[in-house]
Amino acid sequence: MQQLLRLVLIPAAIGVLAGWLMLRYGTNQRDIPAPNSYANAAEVASPSVVSIYSSKTARPPFCQLPAYREWCASLGRGGAMRRESSLGSGVVVRKDGYIVTNEHVITGADEILVALPDGEFRPASLVGTDSETDLAVIRVATNDLTPLEFADSNAAHVGDVVLAIGNPYGIGQTVSQGIISALGRDSISSSPYDEFIQTDAAINPGNSGGALVNTDGRLVGINTMIFSRSGGSQGIGFAIPSALAVSVLNDLLRFGHVRRSWLGIEVEEAKGGRAGYGFRISGLTPGGPAERAGLQTGDVLLALDAHMPPSTAAVGRYIGALEPGSHTVLSIERNGEVLRLTATTAERPRSS
């Protein structure tokens with residue numbers, strides 16, 4: 001009987017003591033976010049998201065019409081000029097003032113102002129832009145900003161919860177919540193290098209250049225555009241993956257422009273043949289890297305470095321992401337025979 005009491009009473013006493021200690025010294029329940037709350041992620045990321053106001057002087061559109069050019073010109077240097085302003089958001093990526101945003105937020109601007117989370121406005125200078133990914137880097141003169149930690153967007157999954165942080169319509173910093181709806185969206189813009197994360201988190205005008213973060217408050221993407229018939233959010237927004245943003249950022253800081261590899265090929269989808277799939281070489285740049293490696297028009301590209309991109313757009317992205325001057329193995333089919341050629345990539349001509 002005594003042994004039975006010990007088996008019952010001792011654990012009960014320990015439980016009561018543990019409960020009292022938790023109540024007496026444990027974490028204040030008010031400090032614990034409620035279930036399904038993303039307050040911690042918002043708290044981590046918000047100090048690193050800024051608002052960007054840019055302006056430029058421009059002539060009215062009618063001054064471009066032949067009938068009005070002479071009249072506009074007769075008004076002199078300052079005549080018929082007007083100020084145009086733009087609103088967007090940005091993400092702090094370095095403590096010493098570097099901020100990533102969308103190129104379209106600051107295109108042609110002769111004045112850029114950054115509103116920091118504490119409400120202070122500071123002028124910013126342009127570091128560099130990349131029109132093919134709609135990314136830009138600006139800088140404010142300070143050494144006390146809070147950079148946002150990058151997540152690996154390649155590890156993101158459809159269904160992951162994400163938060164969009166920015167300054168929609170200029171009303172102030174706003175956080176909206178949704179999920180990743182799709183990955184690898186291309187052919188959304190005219191750029192051959194687009195590869196967007198699609199999200200249903202509300203993104204509106206002014207969110208451009210802001211942050212798309214995961215539930216840890218780390219950067220998954222840079223919000224850049226919406227698909228909308230009304231001009232407002234309809235649950236289809238697009239963000240540039242953080243992995244691509246890092247690559248563009250590093251090149252802009254190091255070289256002043258983005259370096260992309262180039263082989264000088266044009267491809268189209270091909271079916272049939274020995275492999276049953278691949279991309280037919282429809283065009284070659286004379287003297288380009290691919291032609292020098294022995295590639296011929298009509299060859300069917302089966303793989304790049306043993307990797308098969310899923311689409312023609314993905315072929316261009318894969319090649320563009322290679323380091324200029326690196327070697328890539330092209331597996332091709334020619335006249336029913338599989339060959340392997342090694343090409344040395346070149347930096348893509350910036351004028352093309």
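The values are calculated or read from the model by the stated rules, or taken from the named source; none is laboratory data. Quick caveat, the model's predicted, so the values are computed rather than measured. Cβ: placed from backbone, ideal geometry, glycine included. Neighbour counts: every protein chain shown.
Checking each residue in region 333-351 for being among the small types (G, A, S), in contact (Cβ under 8 Å) with a residue 40 or more places away in the chain and in a loop (DSSP other than H, G, I, E, B) picks out only G336. Within region 269-298, the residues that satisfy the criterion of being out of contact with any Gly (no Cβ under 9 Å at 6 or more places or on another chain) and either more than 23 Å from E347 (Cβ to Cβ) or among the small types (G, A, S) (or both) are G272, A275, G276, Y277, G278, A293, G294, Q296, G298. Would you call A136 touching a residue at least 12 places away in the same chain (Cβ under 8 Å) and assigned to a strand (DSSP E or B)? Yes. Applying the criterion of being of a type in the set (S, T, Y) and closer than 12 Å to L263 by Cβ to the residues of region 310-341, the residue that is nearest to the chain's Cα centre (by Cα) is Y318. Confirm whether I240 is in the same structural domain as L183 (by TED's automatic domain parsing) and modelled with pLDDT under 90. No, not satisfied. The sole residue among G278, G264, G256 that is touching a residue at least 12 places away in the same chain (Cβ under 8 Å) and surrounded by fewer than 16 Cβ atoms within 10 Å (Cβ to Cβ) is G256. It is to be established whether one or more residues within region 127-136 are buried (at least 19 other Cβ atoms within 10 Å of the Cβ) and under 14 Å from S55 (Cβ atoms). There is no residue in region 127-136 that is buried (at least 19 other Cβ atoms within 10 Å of the Cβ) and under 14 Å from S55 (Cβ atoms). Any residue in region 342-352 that is under 15 Å from I281 (Cβ atoms) and more than 22 Å from the chain's Cα centre (by Cα)? Yes; the residues of region 342-352 include at least one that is under 15 Å from I281 (Cβ atoms) and more than 22 Å from the chain's Cα centre (by Cα). Given I99, I171, which one is of a type outside the set (G, A, S) and outside the structural domain of V50 (by TED's automatic domain parsing)? Checking each option against the conditions leaves just I171. Kindly indicate whether any position in region 49-59 is under 16 Å from the mean Cα position of the chain (by Cα), closer than 25 Å to P168 by Cβ, assigned to a loop (DSSP other than H, G, I, E, B) and at pLDDT 85 or above. Checked against the condition, which is being under 16 Å from the mean Cα position of the chain (by Cα), closer than 25 Å to P168 by Cβ, assigned to a loop (DSSP other than H, G, I, E, B) and at pLDDT 85 or above, region 49-59 yields no hits at all. Pairs linking a residue in region 307-319 that is on the phi > 0 side of the Ramachandran plot to a residue that is crowded, with 17+ Cβ neighbours inside 10 Å and in a helix (DSSP H, G or I), with Cβ atoms under 6 Å and 6 or more positions apart or on different chains, do not occur.
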